[in-house]
Amino acid sequence: MSLVAQLTQKQRRFYESLRKHIIETGESPTTNELMACMNLSSPRAVTQYLSVLEKKGLIFREKHAARGIRLREYADAVETVNIPVIASAGCDNVSVLAERNFGDFICVASDLLCGKRRDDVVSIKAIGDSMVDAGVCDSDYVLVELTQAVSDNDLVVTIVDHCAVIKKIQFANNAIVLHPVSSDPQYKPIILQRDYRIFGRVIDVIRMPQKGDLDIVPLYSSY
């Protein structure tokens, strides 16, 4: 009998949801994410499920890590890369981006780079809610390919009047327009008539539900 077959129906559903999250995102979910996904009312319930799975030999947990759950079958299969965190879109001076003067890295599954060279991808923290309907929320980290070769309706990072903004780009009637993607009427399109520079194209979004959920690695880490 397989290890999964030894689980109860609820335990198996919990394990399958956990496994699906890790395989699709390349990282383990946090306790809060598991509570929401499984409709559990307390962190203790999550801990109890994880303890059962660990005793059954299906997972192991790294101590003192917000995303420290590892699948026994999958722990060695996920290749990760460190991507530099260089700025916050919406409030940083252009010199921060131009100099690429960064000191932090974010560890992500290499599959999220979509085949791009690691040196051509950076991470930027999103500030504000103007892109929530495109899946980019306040305090998320976006992975950005450093390129000016963008297409209509791409999500891009653009430098406008010395500030970095994340918007959907459209080319029409000899004009370039940066659109918010939000139902909130306070956010308006930006017509690029001023000094601007396309910095890169968003290739993925890293969700950060709460403080401490994202693994930020110092540049001179001893690990």
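Kindly evaluate I127 against the criterion of being under 24 Å from P29 (Cα atoms), of a type in the set (V, I, T) and surrounded by 15 or more Cβ atoms within 10 Å (Cβ to Cβ). Here the answer is yes, as I127 does meet what is asked.
When the stretch 118-172 is filtered for residues that are out of contact with any strand residue (DSSP E or B) (no Cβ under 9 Å at 6 or more places or on another chain) and more than 19 Å from I83 (Cα to Cα), the ones remaining, listed by number, are D129, V132, D133, H162, A172.
Number of residues in the stretch 20-46 that are in contact (Cβ under 8 Å) with a residue 12 or more places away in the chain and in a helix (DSSP H, G or I) equals 12. Given the condition outside any loop (DSSP other than H, G, I, E, B) and either over 30 Å from R197 (Cβ atoms) or modelled with pLDDT of 80 or more (or both), answer yes or no: does some residue in the stretch 85-97 qualify? Within the stretch 85-97, one or more residues are outside any loop (DSSP other than H, G, I, E, B) and either over 30 Å from R197 (Cβ atoms) or modelled with pLDDT of 80 or more (or both). Restricting D154, D104 to those that are modelled with pLDDT of 85 or more and surrounded by fewer than 20 Cβ atoms within 10 Å (Cβ to Cβ) reduces the list to D154.
Taking the criterion of being surrounded by fewer than 17 Cβ atoms within 10 Å (Cβ to Cβ) and part of a loop (DSSP other than H, G, I, E, B), the residues of the stretch 157-180 that qualify are D161, H162, N173, N174.
Scanning the stretch 6-38 for residues that are more than 22 Å from V108 (Cβ to Cβ), out of contact with any Lys or Arg (no Cβ under 9 Å at 6 or more places or on another chain) and surrounded by fewer than 19 Cβ atoms within 10 Å (Cβ to Cβ) yields T8, Q9, K10, R12, R13, E16, M35. Number of residues in the stretch 181-212 that are part of a strand (DSSP E or B) and at pLDDT 85 or above: the value is 11.
The values are calculated or read from the model by the stated rules, or taken from the named source; none is laboratory data. As the structure is a prediction and not an experimental result, all values here were calculated from the model. Note: ideal-geometry Cβ built from the backbone for every residue, glycine included; neighbour counts use all protein chains shown.
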